Structures are given as C-alpha cells and as structure tokens.
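Following: one structure in structure tokens, then a few remarks.
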Amino acid sequence: MKIYTKKGDAGETGLIGGGRVSKADPVIEVLGNLDELNASLGRALVHGGASASRSVLQTLQSVLFDLGAEVASTSRQYEAAGLPGLTESLEDWIDEKTAQMPELRSFVLPGGTMLAAELHMARAVCRRLERSLVVLSAEKALRSELLVFVNRLSDWLFCAARYANHEAGVEDAAWTGDR
C-alpha cells in the first residue's frame with residue numbers, strides 16, 4: 001500500500017462516505033486538532049503516563065480515532081459509541097483523584113514534571129479542539145455528547161497533570177499575579 005495518493009495535492013481531501021472538501025474546511029480543522037491531541041496523549045504516554053492514568057490515556061487515543069471517523073463521515077454510521085458513559089468515567093476519575101490532592105486554591109501554571117507538562121499541553125490542544133468543534137457545529141449537526149465529552153476531557157487532562165505532579169511529590173506552581 002502506498003502512503004501517498006496525490007489526491008490531496010490540489011488542497012482538497014476526501015471524507016468518509018464520499019465527497020471532497022478543502023483542507024481549510026472546518027471538518028478538517030477538527031480532524032487536525034483530534035490528530036494533534038492524540039499525538040499529545042502519545043507524548044504523555046512516552047513520558048511515563050501516570051500509573052493511575054496510563055490505561056485511560058490509551059483508551060482515549062482510540063476514542064479520539066472514533067471521534068475522527070464520526071466527524072469525517074458524511075453519514076451517521078460512524079458514531080463513536082459510549083460517549084456518555086466515558087464522560088461519566090472521566091468525571092469519576094477526576095473526583096477520585098481530586099480528593100487525594102491538596103485543594104485547588106488558585107490558578108495553576110503549566111509545568112512541574114515532564115509528564116504534567118505534556119498533559120497540560122494536551123489540555124491546551126483539547127481546548128482548541130473544543131473551539132473548532134463549536135465552529136463546526138454551526139455548519140454541521142454534531143451530537144451534544146461529543147461537545148460534552150471533549151469539554152470533560154480537558155478537565156480530565158488538567159486533573160491528570162496535577163495528579164502526575166502529586167504522585168511525583170512536585171507541587172503545582174500557583175499563579176499569583178505577581179510579576
């Protein structure tokens with residue numbers, strides 16, 4: 001199988017189910033953000049993936065591919081399954097780990113351990129994904145579960161970054177507003 005097809009050389013790409021769109025189309029923007037988020041999760045896994053979140057990160061990588069198929073599809077045949085349940089699982093994980101960490105009393109500056117920094121970066125990419133989904137939702141009907149899941153995923157990534165620091169015995173850097 002060849003890696004290149006030359007079909008995208010004119011700035012267009014194909015969608016699942018047929019049809020071609022500009023590579024500047026909002027659908028392709030969302031797909032690019034999904035891809036970047038997935039790569040960010042892969043970087044977090046390479047940097048150790050906190051023991052409590054490693055299996056979640058691996059699951060999330062697969063789910064992001066499912067979401068990409070749903071967004072890229074011209075029909076409803078590729079709906080990512082189980083998003084409400086996965087969203088609840090993320091919420092449960094957040095609640096469990098938050099109870100084990102010091103109470104959050106200020107904004108947190110990204111950083112600490114390398115793993116936490118990678119998770120913070122993934123959170124920022126996730127927020128961009130969320131913004132691009134909102135833009136796309138003005139043009140294409142998206143399931144509300146998709147937006148809810150991505151919003152909660154960014155919350156999970158924030159909590160996972162804090163937890164990675166906590167597990168390593170590194171305090172989060174609090175934003176104080178002082179310069």
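Every number in this text was worked out from the coordinates using simple rules, so none of it is lab data. Not measured: the values here are computed from a predicted model. Because the Cβ atoms are built from the backbone with ideal geometry, glycine has one as well, and the counts that use them run over all protein chains shown.
Before moving on, here are some points about what is shown:
- Computed from backbone phi, the HN-Hα couplings of the stretch 132-140 come to 5, 5, 5, 4, 4, 5, 6, 10, 9 Hz, rounded to whole numbers (Karplus: 6.51 cos²θ - 1.76 cosθ + 1.60, θ = phi - 60°; Gly and Pro given as x).
- Pairwise FRET efficiency - residue 109 versus residue 138, Cβ, R0 = 45 Å, nearest 0.05: 0.85
- Taking Cβ atoms as reference points and 11 Å as the exclusive limit, the residues near residue 117 contribute a net charge of +1, counting Lys and Arg as +1 and Asp and Glu as -1.
- Listed by chain and number, the lysines whose C-alpha is less than 24 Å from the C-alpha of residue 23, apart from same-chain residues fewer than 8 away, are 2, 6, 7, 140.
- On full extension, the segment bounded by residue 76 and residue 91 gains 2.7 nm, given 0.36 nm per residue less the C-alpha separation.
- Each stretch of four or more DSSP H residues adds -39500 (n - 2.57); spread over every residue of the chain, this sum gives -21000 deg cm²/dmol at 222 nm.
- Degrees separating the helix 144-168 axis from the principal Cα axis of the chain, which is the longest one: 40 degrees
- Helix 54-72 axis, angle to the chain major axis (alpha carbon atoms, nearest 10°): 30 degrees
- The angle between the Cα long axis of helix 83-100 and the longest principal axis of the Cα atoms of the chain comes to about 20 degrees, rounded to the nearest 10.
- Close amide H partners of residue 173, meaning residues 5 or more places away or on another chain with modelled amide H under 5 Å apart, are 109.
- Given the alternatives (1) 16.7; (2) 18.0; (3) 17.4, Kirkwood radius over Cα pairs in Å as computed for this entry is given by (3).
- Using the Karplus relation 6.51 cos²θ - 1.76 cosθ + 1.60 with θ = phi - 60°, the per-residue 3J(HN,Hα) values for the stretch 23-29 come to 5, 9, 5, x, 4, 6, 4 Hz, with x marking Gly and Pro.
- Partner aspartates and glutamates for residue 97 [C-alpha distance under 13 Å; skip if fewer than 8 residues away on the same chain]: 155, 167
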